[in-house]
1. For the protein assembly as shown, what ratio Rg/Rh do Cα atoms give with a Kirkwood hydrodynamic radius?
2. Note down the magnitude of the dipole of chain A about its Cα centre, charges +1 on Lys and Arg C-beta and -1 on Asp and Glu C-beta and zero elsewhere, to the nearest 20 debye.
3. In whole angstrom, and with the biggest value first, how far do the Cα coordinates of the range A:257-529 range along each principal axis?
4. Once amide H atoms are placed 1.01 Å from N in the peptide plane, what residues at a sequence separation of 5 or more from B:C335, or on another chain, have their amide H within under 5 Å of its amide H?
5. Taking the alpha carbon gyration tensor of the range A:279-405, what are the square roots of 5 times its eigenvalues, largest first, to the nearest whole Å?
6. Based on Cβ point charges of +1 for Lys and Arg and -1 for Asp and Glu, what charge dipole magnitude is obtained for the protein assembly as shown about its Cα centre, in debye rounded to the nearest 20?
7. To the nearest 10 degrees, how steep is helix A:474-490 against the longest Cα principal axis of chain A, on a 0 to 90 scale?
8. For B:I240, list long-range residues whose amide hydrogen, built 1.01 Å from N in the peptide plane, is under 5 Å from its own amide hydrogen.
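What follows is calculated from the coordinates using simple rules that are stated; it is not laboratory data. These numbers were taken from a predicted model, which means no experiment stands behind them. When we count neighbours, we look across all protein chains shown, and the Cβ atoms used for this are built from the backbone with ideal geometry, even at glycine.
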Amino acid sequence: MLFHTWPFAVFMLVVLPVFFALRNTRLWIPWLLVASYFFYGWWNPFYLLLVLYSTTLDFFLVALMDRCPREGPAVRLAGCLRFEDGVLRVAFLITATAALACGAAAVAGPATLRPTLLALVFILALMALGALLRSRRTWLLISVVNNLLLLLFFKYAHFVAENLNALLGWLHVAARLPEPATLMPWGWTYLLPVGISFFTFQSLSYTIDFYRGFAQRERNFLRFATFVCFFPQLMAGPIERARHLLPQFQKFPAIRLQNFTDGGSLFLVGLFKKLALANYLALYVDPIYENPGAQGAAALLLATVAFGWQIFFDFSGYTDMARGLARMMGFHLILNFNNPYLATSLGDFWRRWHISLSSWFRDYVYIPLGGNQRGSLLTYRNLFIAFLISGIWHGAAWTFVIWGVLHAAGIMITRELERSAFYRDRVPKLLKQAGVFAFVSLTWIFFRAGSLADATLILKRIGSAAWTDPRIPLLMVALVAVVWLYQFIYESRFRAVLQHGAVRVGLAAAMLIYVCLLSSGGKSFIYFQF
Amino acid sequence: MKPEAAHCLQDTTFVNELRLNARQWLAVFALVAVALWALPRLWAKLERWEINSDFRIPYAMSKDYWFYERYLEHAPAHERVLVLGDSVMWGEYVLPDGALPHFLNATAGASNRFINAGVNGLYPLAMEGLYAHHGAALRGRKILLHCNPLWMSSPQADLQMEQGGEINHTRLLPQCSPRIPAYKADADERLSAVLERNLPFFGWARHLQDACYGQQSILNWTLAPGNAYRNPLAALTLTIRAAPQDDAKRGPHSKRHKPWTATTEPTQLAWVPLKSSLQWAAFQRTVARLQAQHNDVLVLVGPFNEHLMTEENRPVYRQLRDEMVAWLKSENIPCCAPEPLPSELYADASHPLTEGYRLLAAQLFADAAFRTWQK
């Protein structure tokens, strides 16, 4: 269900009034959960099992982590077998028994269930070990492994198998990894579950933050499940942190008229970005990127720049709508985009672009690796690793790996440049902004291209092909220019002009009429594929 | 990704601050409501079409129901007969002056007594939606309604097959009930269709697309060859042109204007019994609606190209046709079921060629029921 479709409007017409009607009862959280599961199940009800599995496991892992001492005990096997904590003993018995049962079923049961059962045996055995060792670190490890395994299987398995099989073939080794689709139970279709990268990261942040002592344990399963799959941000973020969103679910939010006016404002801007801008730009970009070999240099260059704006409008439009919907219900979701194309350095860009993801990698990858505390070389190594993972997070293809590596390289270069007084003080801000925009646009080629071969072809043709008429509609150019100008004025000393009531009313009315008259249909959001 | 960038998670709500308060929202709603209400009405007042005695809805505007509604309103009620139906009445293979309404006018000795209000691609289930949602002007009129048995000639034509292929005029179909097995659309498409038929603004927006932008959205139009640097507003026109008299796809000089035998062999048709036919049920509901709106309706059944059927298939069709006539008579609805035209006057299973229409008009005027009714 997409935010800009009529079924979603009907969905909200049911969900919102019931939500407000339940404000004096304890049913508002179950209602939000039911609504969220319905929202997700509309796409594919079978994959609700996956969300439920991930949620349940992390909920219980943190509950078990809570039973373990903060400082890990010295592990002695004889000592381990004497359980002082009854809950851990029960957990051990259940997980060990379940692991044995799953193992037996894997051996004796139908072949179609074997891979799933073996994966369960692995997780259950780890859990039994966690109960045995009474180690917080082990519970955390299980959560990380489980969530990453889900991601690895559903998002990367095909890519990994394909590349490893090619490598094995090159090494003349006869063994081959199976196609992931053959590992699905009962022959279910192997699909990438929408939003898997978002809800697994959100759930994972809870276990990591609890382990570190940054988040409280949530004792109510329904509340925790609502946090993991809160429908406005379930499909494409922003990736919320437990310490920010979970406390908001403790009591019914205070609802004021401003919730609706603010939420409506955010939703309208998001809707306009998606329907009027992103979908329009896609009409120009898609045909060019589908057949790059037939395009001239100017068309490829302009399509690349247009894609940069398309993905910005698409993704930031989605998060604006998500934040607007949450705001209408009295909840605050974190800011995800802050005029990224006005960034003056790549570091600045990543503090403005997909903020919830870049801060996730900062907090859970970059800083744990040592951040910038251990000298330049290690800082660069940490940056490189963080951006490499960020690239892979976006998709299972070499193009995304290269995209991540390019950003890592770019951030290192701008970081070095910023150390020089000349660059810092003498180079005009506009030039820096243009430089960052040009670099980011260049990297979008790898992000958007269908394959590595296509990406290199596009780069080659931009440099060598004839400069034929790109046939980019003037209306499209004008719309993007107006948006850029708006952002530019907003960050300048003329901001007051845009904040005038009549200007706001005029802009909002114009956007609504434009959407009604010209919107180009219900194309899905780009970031849903991640 | 600097650790010091902790401000990223601060609870900032707005960037660029297009933030409206309640009063401003009211102003926005008022402005938009006025625009949505006024624009279609203003446009309807200003737009003109080149109407002539043989005017019919231009082919490109077959799905422009907003325009069709205005076309029906425009047709004067007094002593005029609206000829309603699908492409057989519209005249798929012929020019405007080769369609049935032209020859009816000619036979009656009038210039525009019979008005061509046929719609290309229509069928009974869509016809029902068209007249229910866009036929407000069909009240107290004299209506010649065509019933084309083609739509019951197979389960596919009757839209009973789950894998039915592409369907025309889906926005006119019942979106919820009765269920049409061949109509596959997601909830968004169905809800959009329901909203469009109830909010004239959306119909008007589609009218602009059909009339000015080559049946595509304005945004798609800007991407069409030659349009990239054109001003979309300059393409707006307040004049609807009549169908061209030199249409290469239609008329005696077109390649398509030839007897069916040139392309088709006699065939066996899997006629759907009337009691289980979705199309026939829709046709019955349409007739009932038109009558309830005090229209004087005469139904023209066929004439279907019986030459196209195999020998053993004809009795099945005849029985079906007789059942249709029997039902119409039982409901006291005047009807004509002329004998089939000569084989060489059909272009396909149901569309006559120009001479076929001329002969059909003569046959109708020879029919006492028709003569009495049309006076």
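1. Working: Rg = 33.7 Å, Rh = 32.2 Å.
Value, to two decimals: 1.05.
2. Values: 44 positive and 23 negative charges, 251 e Å.
Taking the Cα centre of chain A as origin, the dipole is about 1200 debye.
3. 52, 46, 40
4. Here B:V299 satisfy the definition.
5. On the way: eigenvalues 162, 108, 31 Å².
The three semi-axes for the range A:279-405 are 28, 23, 12 Å.
6. Numbers: 81 positive and 60 negative charges, 671 e Å.
Dipole of the protein assembly as shown, to the nearest 20 debye: 3220 debye.
7. 70
8. Counting only residues 5 or more places away or on other chains, the set is B:R48, B:W49, B:E50.
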